[in-house]
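Notes follow once the structure below has been shown.
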Amino acid sequence: MSGTIFVFIGLVACAAACAFAAVRRQSGVRLFAWLGIWSAMYGALLLADAPSLVAALPQRVRSGVPFLTMAIDYLFLVVVSLAWLELSAGKMRLFLKTIIGLGLGFGIAGIGIFVVTGSVEKLLPYVHFIAAAALIIFVVILAVPGLSRKYLILPNRAVMVVGTLVFAADALYFNVARLFHYPAYRITGSVGLAALLFSFGYVGVQIALSGERRLHSIESELAIAQEIQASILPGKNPEVKNLLVAAVYRPMTAVAGDFYDFIAADENRTGFLVADVTGHGVPAALIASMIKVAIQSLVACAHNPGEVMSGLNRILSSQLRAQLVSAAYLWVDMEKRRALYSAAGHPPLLHWREGKLERIESNGLLLGVLPDAEYPVWEIAIQAGDRFLLYTDGVSEPENRGGEAFGEHRLEQVVRDNRLRAPSELLEQLLAEIHKWQPVSAEQKDDITLVAVDVLS
C-alpha cells in the first residue's frame, strides 16, 4: 500500500509539473518534477520488496526487478540532490553539483559492474556514505538560520526543518545500517520520506505562488507601460493641405523601441519622425519615451531636419548607455512645395514619383555614437502624385523558412504594385505581405513602424 501511494503521488507530481510548465515557465516547476521522480522511485523500491507482488508479475518482468531495484539504489542520490538543487543558492549549488557528479559516476560504474558480474552492492557503500554525509550537512545548514538564508531558498524554513529532521532520523538509520550490513527495511522510512516530500511540496507551492504573484505584478506593470507608451504616440494623423497621411505601429512585445511622431507647425507644414531603438522591451521603450520628450524641445527647429537630428543626438548622447537609436525625419512644406530629409543610420526614405521609385539615403551616424555628429539634409521638390514612405528595419528583416529576409527589394515591389492605393491600404498590404512571407508559426521578431505620405495636388 505504501509503495502504491508513493508511485501514485510521484506520477501525479510529474504530470502536474509537465502541465504547469506548459502554461508557465517559472521556478518551482522542476522541483515538482524531481519530487515526483523521487517519490515514484521510492515507491517502486517498496513494491519490489513485496514478494507476493513480484511473484504475481510475468516471468519476463519479474527477471528485471533486481536490475530495477539496483539502478534505483544507485541513482536515488542523484535525483534527491537535483531536488535540493532547486532550493539551493551560492556555493551550495556547486556542492550539490559535485554530489550529483559523484552519484552519477558511482551509479554508472555500479550498474556496469552489476551487468558484468551480477554484484549488486559493490559500490553501494560509497553511495550510502556520500548520502549520509550530505544529509548531515543539510541538517546543519537548516538548523542554523544564517546558513539557511545564505545557501537555501526557503519561503518557510520551519516546515522544511521539521520535514528534514524527521526524514534524517530514518535516513541515517537506513544508510548506516546498510553501510554496516545490519538489517534495514525500507518501509520504516516511509513516514520520514513522506514528511520530507510534504515539506518539499509545501515549499515548492509557495515558490510557485510567489512566482505567479510576481508574474501577475509584472504583467500589470507592462499593461500600464503599454498604455503610457500608447499615450506618447500621435492620437491621429496630421491634417495638412493636399497631404494624405497614414501610419502603422506594430510592437513585437507589449512595449516597444520603435517610435514615430508628427510635428505640425501649421496647416501647410509638418514634420514626420520615425525612430528605432536598439533592443526590445522595457529598456528600449524607456528610451523611446525619452525621444518623445527630446523632440518636443526641438519644435523651434522643426523646419530643419539636420538640426532636429543633431539636437536629438546631443540630448540622447548623455542619456544612452549600451543602446543606440536610428532615426529619420521628413519635413514637408506645402507652401514652398518642398520636402527636406535627414536621417541617423536609418533605412532609406522611399520616394515614388511618376512611375519611378527612388531610395533617398541622407544618413549620419546613429544617435548616441558621437555627441557632435553632423547630419546632411536632402531637399526634394514636391509634385502632385508624390508618395513618401518612412519605415523601420522590422519591415525588411522578417525571414521565411529558408532564412531569407523579406528585404528592401520586396518592400519596393509592394510599393510599386500598390501605387494606386490609398496610403492606409498600402500599409495594410505591406503587413499582409510580410505575414505571408513568414512561416505560419513564426513570431514577430522586431517592432514594425510605417508612415506613408501622399501629395494630392
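Structure summary
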{"item": "Enumeration of residues in region 227-253 that are assigned to a helix (DSSP H, G or I) and more than 16 Å from residue 291 (Cα to Cα)", "result": "227"}
{"item": "Residue match in region 73-89 (condition: part of a helix (DSSP H, G or I), among the β-branched types (Val, Ile, Thr), open to solvent by less than 30 Å² (accessible area, probe 1.4 Å) and farther than 18 Å from residue 153 by Cβ)", "result": "yes"}
{"item": "Residues (out of contact with any strand residue (DSSP E or B) (no Cβ under 7 Å at 6 or more places or on another chain), modelled with pLDDT of 90 or more and among the small types (Gly, Ala, Ser)) located in region 388-409", "result": "407"}
{"item": "Positions within region 220-256 being open to solvent by 70 Å² or more (accessible area, probe 1.4 Å) and either under 24 Å from residue 276 (Cα atoms) or hydroxyl-bearing (Ser, Thr, Tyr) (or both), in sequence order", "result": "221, 224, 226, 227, 228, 231, 235, 236, 244, 250"}
{"item": "Hits in region 346-365 (condition: surrounded by 21 or more Cβ atoms within 10 Å (Cβ to Cβ) and assigned to a loop (DSSP other than H, G, I, E, B))", "result": "346, 347, 362"}
{"item": "Residue 343 over 18 Å from residue 326 (Cβ atoms), open to solvent by less than 10 Å² (accessible area, probe 1.4 Å) and assigned to a strand (DSSP E or B)", "result": "no"}
{"item": "When residues of region 422-438 are limited to those that are of a type outside the set (Phe, Trp, Tyr) and under 28 Å from the mean Cα position of the chain (by Cα), the one farthest from residue 456 (Cα to Cα)", "result": "438"}
{"item": "Residue tally, condition part of a strand (DSSP E or B) and open to solvent by 70 Å² or more (accessible area, probe 1.4 Å), over region 366-386", "result": "2"}
{"item": "Where residue 398 falls short, out of the listed (1) out of contact with any helix residue (DSSP H, G or I) (no Cβ under 9 Å at 6 or more places or on another chain); (2) closer than 20 Å to residue 274 by Cβ", "result": "(1)"}
{"item": "Hits in region 268-281 (condition: at pLDDT 90 or above and either touching a Cys at 6+ places or on another chain (Cβ under 9 Å) or open to solvent by 60 Å² or more (accessible area, probe 1.4 Å) (or both))", "result": "269"}
{"item": "Every residue from region 282-316 that is within 28 Å of residue 218 (Cα to Cα) and either out of contact with any helix residue (DSSP H, G or I) (no Cβ under 9 Å at 6 or more places or on another chain) or open to solvent by 20 Å² or more (accessible area, probe 1.4 Å) (or both)", "result": "282, 283, 284, 286, 289, 290, 292, 293"}
{"item": "So residue 433, is it of a type outside the set (Lys, Arg) and either open to solvent by 70 Å² or more (accessible area, probe 1.4 Å) or without any contact (Cβ under 8 Å) to a residue 12 or more places away in the chain (or both)", "result": "no"}
{"item": "Any hit, region 23-33, residues being of a type in the set (A, V, I, L, M), open to solvent by less than 20 Å² (accessible area, probe 1.4 Å) and at pLDDT below 85", "result": "yes"}
{"item": "Residues satisfying the stated conditions in region 402-430, i.e. within 30 Å of residue 241 (Cβ to Cβ), open to solvent by less than 50 Å² (accessible area, probe 1.4 Å), part of a helix (DSSP H, G or I) and not acidic (Asp, Glu)", "result": "411, 414, 415, 423, 426, 427, 429, 430"}
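For (1) part of a helix (DSSP H, G or I); (2) closer than 25 Å to residue 10 by Cβ; (3) open to solvent by less than 40 Å² (accessible area, probe 1.4 Å), each residue gets a yes or a no:
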{"position": "71", "(1), (2), (3)": "yes, yes, yes"}
{"position": "109", "(1), (2), (3)": "yes, no, no"}
{"position": "135", "(1), (2), (3)": "yes, yes, yes"}
{"position": "155", "(1), (2), (3)": "no, yes, no"}
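The values are calculated or read from the model by the stated rules, or taken from the named source; none is laboratory data. Just so we're clear, the structure is a prediction, and the values are computed from it rather than from any experiment. As a convention, Cβ positions derive from the backbone with ideal geometry for all residues, glycine included, and neighbour counts pool all protein chains shown. When the accessible area is computed, the model is the full protein with side chains, heavy atoms only, and any ligands, DNA or RNA have been set aside. Shrake-Rupley method; radii C 1.70, N 1.55, O 1.52, S 1.80 Å.
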